[in-house]
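Asks: Have a look at this one.
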Amino acid sequence: MSDTETPTGTLRQLWAEDAVKIAALLFVIYAGYLVSGLVLGYSVRGQLNSLASLTFYIGVFATLALALNLHWGYTGLFNIGVVGFMAVGIYVMAFVSKPLYGAGGSAAQVGGLGLPIPVGIFAGMIAAALLGFVVALPALRLRADYLAIVTIAMSEIVRFTFLSSTFQQFQFPTLSGESTRVGFGGGSGLILDFPDPLLAFIDVLGLSGAYDGLVRLVGQVVPNNPDPIVHSLVYGLVLLGVVAAYFWLLKRTGESPFGRVLKAIREDEDVARALGKNTDRFKIVSFMLGCALMGLAGILWLMGQGAVTPNFFRPRLTFFVWIALIIGGAGSNTGSVMGGAVFAAVLYQGPLYFQNVVTSVFQPGDAPGSFGPAISPLLSSADPMPFLLYTLDSVRQLQLVVMGVVLIWLMHNRPQGMLGHRKETAAAIPLGRRGGGAGPESGSSDPDSEPAPQTDGDGTGGAADE
Amino acid sequence: MSESITRSRPDVADTPLRVEGLTKRFGGITAVDGATFEVERGTLTGLIGPNGAGKSTTFNLITGMLSPDAGTVVFDGEDITGLEPYQIANRGLVRTFQIARELGEMTVLENMMLAPKHQRGEHLWRSVLPGARGGVVEQEEELLDRVWEALEFFEIEHLAEEYAGNLSGGQRKLLEMARALLTDPDMLLLDEPFAGVNPTLEQRLLDHIHDLRDQGYTFLLVEHDMDLIMNNCRHVIVMHQGEILTEGTPEEIKSNEAVIEAYLGGDV
């Protein structure tokens, strides 16, 4: 108790707040990026750009890690097909929201249904959830590893479906009885030629004036074309807002009787069933909700990118999300956000920054073009420079190796993730003794005097739900 | 909440559970072979037999964990053969497990809060939507009171905040029985509730069981320990090699030649 009066005690108390943990972590990450930007001698424009793209990746990985945490951390559903649900989300959204073929002088090979973007986003999420339902229905009755196999196979089926020439373009009936040319674009990708979603969103909120003001404000610092910078910064902020919304939703989901059953399923499904819980229903609802959230994450990641290709959705993206979740600690929503942020900042964007910083500080010469010239001076004259340069030059490829090493290290040394063995209590109220009366220390040796845990008399359970 | 209500007419001979011709084969082995028996309301009935007699399989068949190849299970006048475990539990027939299956990474309180049936907040939308969550919170508060009463009844309230995985074997057995009771069952099937429990705790568990039986609960108890069954049950069913060997009062069982044969390993 006296602990709280000392400054360290207050700090410790503050640290116990989840929001403070996340804010502190983000502060450290942003500070690190700003400092490395200074080292690089970035202009204001460069700094703002790097912050915007950092925010973007923190946003998408945190949302994906949160959604996966619902599957794995809470329900124990081993989903390694995350990209499949993301792909279905954005492709269905594009299908619904792209303008009709030939409308508005678009150069796109195929059109869409021309419906408003919010309708498209909603449709994309529903489609991802329905795909989740279809995948889950047969697999949920089997053991966890079968679900894993089914999900990864599904994600590849989705990718190849969007790659196939059959669905590249086809006719689709419209409400007016005619048909319109639609499609998924095949391997060459699909142009997302709907109006800019962010600007449309801002317009709906009636904040266009404020946005224009912001552009003018930034224009004072970055005279040349401030628009894209403001756009990506604001989009990053919107993504962080989405992270907050996911967090809120999943926290409420977890801290409830529903979340309690999910946790029980994760721990021992037979027990949950023996206690009268229809675990299949809980698993399916949890799986579909997570899939819808993954679909939305896919939409948010790609809808501002101008185009989407199926090969973006390779399985390794799924494993990036898994690494983010494992770093943060499965089972904890706060951990998922922190894991997403650390993954985005250190493992995903970090190596490139490291490369840039080293290159700009040391100004080394050109790297050898291939492995032979890189390794031969090291062997013949013990000159490590060409090899080091080559390594630095190959950072993009080595990134995956680094991720693998980090994953192995985590599994060995900290399988419970950054936040340690922390569990978020699954109840809608704080559990603990209420009222404070009726001391338990009566030391009664006669259990008959204790109240029975039994309540209503006629519990024949006739109205059991099916 | 605290007043204990007498169960429906414990004096009337009434059989909530009736098993007829229950049969289960695993490959070439017949684990349970035409088991037929009844359990009387408000009694503590023992089910004994040597290892491999088919006791646990019988339990699994009754509670829906396995589906029988033949035979019927009738609970409270309703045929529950082949229903899902959760459906059977929701009808008031609840089991515990041979090896206590606590939910290790949940606290004792969470374990207990899980059990009550038909919780409003088990529907996702009610737990999430701002308008509906008030009702969920209200019910959680009621449940928490019941949970504390149960914890006190079983004298494990000092463990409330502990992770269930940190409990000792005996404490887990107490937790499991307390949790099963919170589902508000009519009848409890206890699968070796005393295995791995020290004698003091064993006596406490037995006291609880007798108390609850006096309140009108019905128990079917699988147990290895002959003496324990003989001293505590009014009616004993003996299984051997998947079949019901005999049943009767402890005195009758004790003097039954076939039972002695089975237990002393006289493999005919």
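The values are calculated or read from the model by the stated rules, or taken from the named source; none is laboratory data. Being a predicted model, the structure only gives us computed values, none of them experimental. Positions of Cβ are backbone-derived with ideal geometry, glycine not excepted, and every protein chain shown enters the neighbour counts.
Asks: So which helices (runs of 4 or more DSSP H) are wholly in the stretch A:357-436 and hold at least 2 residues that are under 22 Å from B:G165 (Cα atoms)?
Replies: Here the list reads A:395-413.
Asks: So which residues in the stretch B:199-233 are acidic (D, E) and either farther than 21 Å from B:L175 by Cβ or away from chain A (no Cβ under 11 Å) (or both)?
Replies: Within the stretch B:199-233, B:E202, B:D214, B:E223, B:D225, B:D227 meet the criteria.
Asks: Which one of the conditions (1) touching a residue at least 60 places away in the same chain (Cβ under 8 Å); (2) facing another protein chain (nearest Cβ under 9 Å) does B:M177 fail to meet, given that it meets all the rest?
Replies: For B:M177, the exception is condition (2).
Asks: Having 1 or more residues that are more than 13 Å from the chain's Cα centre (by Cα), crowded, with 23+ Cβ neighbours inside 10 Å and within 14 Å of another protein chain (Cβ to nearest Cβ) is the bar; report the helices (runs of 4 or more DSSP H) wholly within the stretch A:256-341 that clear it.
Replies: Ranges flagged: A:257-274, A:279-302.
Asks: Identify the single condition in (1) in contact with a Leu (Cβ under 7 Å, 6 or more places away or on another chain); (2) in contact (Cβ under 8 Å) with a residue 24 or more places away in the chain that A:L275 does not satisfy, given that it satisfies every other one.
Replies: (2)
Asks: Continuing with the same structure: Restricting attention to the stretch B:115-133, does a residue exist that is of a type in the set (K, R) and touching a Lys or Arg at 6+ places or on another chain (Cβ under 6 Å)?
Replies: yes
Asks: Name every residue in the stretch B:81-95 that is farther than 21 Å from B:A35 by Cα and either in a helix (DSSP H, G or I) or more than 7 Å from chain A (Cβ to nearest Cβ) (or both), in order of residue number.
Replies: Matches in the stretch B:81-95: B:Y86, B:Q87, B:A89, B:N90.
Asks: Could you look through the stretch B:146-162, keep only residues that are more than 7 Å from chain A (Cβ to nearest Cβ) and touching a Lys or Arg at 6+ places or on another chain (Cβ under 8 Å), and pick out the one that is farthest from A:R252 (Cα to Cα)?
Replies: The selected residue is B:E155.
Asks: Could I ask something else about it? Out of (1) part of a strand (DSSP E or B); (2) over 21 Å from the mean Cα position of the chain (by Cα), the odd one out for B:E251 is which?
Replies: Result: B:E251 fails condition (1) only.
Asks: If you don't mind, there's one more thing I want to ask. Restrict the check to the stretch B:51-63 and report whether at least one residue is at the interface with chain A (Cβ under 8 Å from one of its Cβ atoms), at pLDDT 90 or above and either assigned to a loop (DSSP other than H, G, I, E, B) or more than 30 Å from B:Y163 (Cα to Cα) (or both).
Replies: yes
Asks: Could you list, in sequence order, the residues of the stretch A:24-56 that are without any contact (Cβ under 8 Å) to a residue 12 or more places away in the chain and part of a helix (DSSP H, G or I)?
Replies: Within the stretch A:24-56, A:A24, A:F27, A:V28, A:A31, A:V35, A:L38, A:G46 meet the criteria.
Asks: Still on this model: Here is a list of conditions, (1) assigned to a helix (DSSP H, G or I); (2) more than 8 Å from chain A (Cβ to nearest Cβ); (3) crowded, with 23+ Cβ neighbours inside 10 Å, and B:G131 meets all of them except one; can you say which number that is?
Replies: Of the numbered conditions (1) assigned to a helix (DSSP H, G or I); (2) more than 8 Å from chain A (Cβ to nearest Cβ); (3) crowded, with 23+ Cβ neighbours inside 10 Å, the odd one out for B:G131 is (3).
Asks: Considering only the stretch B:96-108, state which residues are facing another protein chain (nearest Cβ under 7 Å) and among the charged types (D, E, K, R).
Replies: B:R101, B:E105
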